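J.: This is the structure I have questions about; it appears just below.
Only the coordinates and a few stated rules stand behind these numbers; no lab work does. Everything numeric here is computed off the predicted structure, so don't read it as measured data. Glycine also receives a Cβ, built like all others from the backbone with ideal geometry; neighbour counts cover every protein chain displayed.
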Amino acid sequence: MVTNPQRHDERPSGPEEGDLQVALDALADPVRRSIIRQLAARPEWSISCGSFDLPVSKATSSHHFAVLREAGLLEQREDGTRRFNRLRRPEFDARFPGLLDVVLQDG
């Protein structure tokens, strides 16, 4: 369980008006879609960055997490040396209804 978390949430209110292209760009990459699917399949805050099954290096996966954060799709909290993740689905669905449903069905 996450204790005394430090948030890494660059877009606290979720995607802004006109950010559809940012969201589409974030979701265009198959590695990022895999991250989204893995997050959707797990309870919030239950999966740390190092626990994802990704076919890329640690540095590349860090880049993908940053892109998802910047697009408003992901929120992160630090607990010691681990960073836990939450899919910001309610916030994202409010801005772009149905978009994540399509991504999750495309698995």
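J.: Checking the conditions here, which among Phe92, Phe84 is among the aromatic types (Phe, Trp, Tyr), part of a helix (DSSP H, G or I) and in contact (Cβ under 8 Å) with a residue 60 or more places away in the chain?
T.: On the way: Phe84 fails: part of a helix (DSSP H, G or I).
Unique residue meeting the criteria: Phe92.
J.: Which ones in the stretch 44-61 are among the acidic types (Asp, Glu) and more than 14 Å from Leu74 (Cβ to Cβ)?
T.: Of the residues in the stretch 44-61, the ones among the acidic types (Asp, Glu) are 44, 53.
Across the stretch 44-61, the qualifying residue is only Asp53.
J.: What's the total number of residues in the stretch 43-81 that are in contact (Cβ under 8 Å) with a residue 40 or more places away in the chain and outside any helix (DSSP H, G or I)?
T.: Kept after step one, since they are in contact (Cβ under 8 Å) with a residue 40 or more places away in the chain, are these residues of the stretch 43-81: 44-45, 67-73, 75-79.
Imposing the further condition that a residue be outside any helix (DSSP H, G or I) reduces the set to 44-45, 71-73, 75-79.
The total comes to 10.
J.: Kindly list the number of the only condition in (1) under 23 Å from Gln21 (Cβ atoms); (2) in contact (Cβ under 8 Å) with a residue 60 or more places away in the chain; (3) over 12 Å from the mean Cα position of the chain (by Cα); (4) surrounded by fewer than 17 Cβ atoms within 10 Å (Cβ to Cβ) that fails for Ala40.
T.: The one condition Ala40 does not meet is (3).
J.: How many residues does the stretch 66-107 hold that are under 20 Å from Val31 (Cβ atoms), exposed (fewer than 14 other Cβ atoms within 10 Å of the Cβ) and β-branched (Val, Ile, Thr)?
T.: Qualifying residue count for the region: 1.
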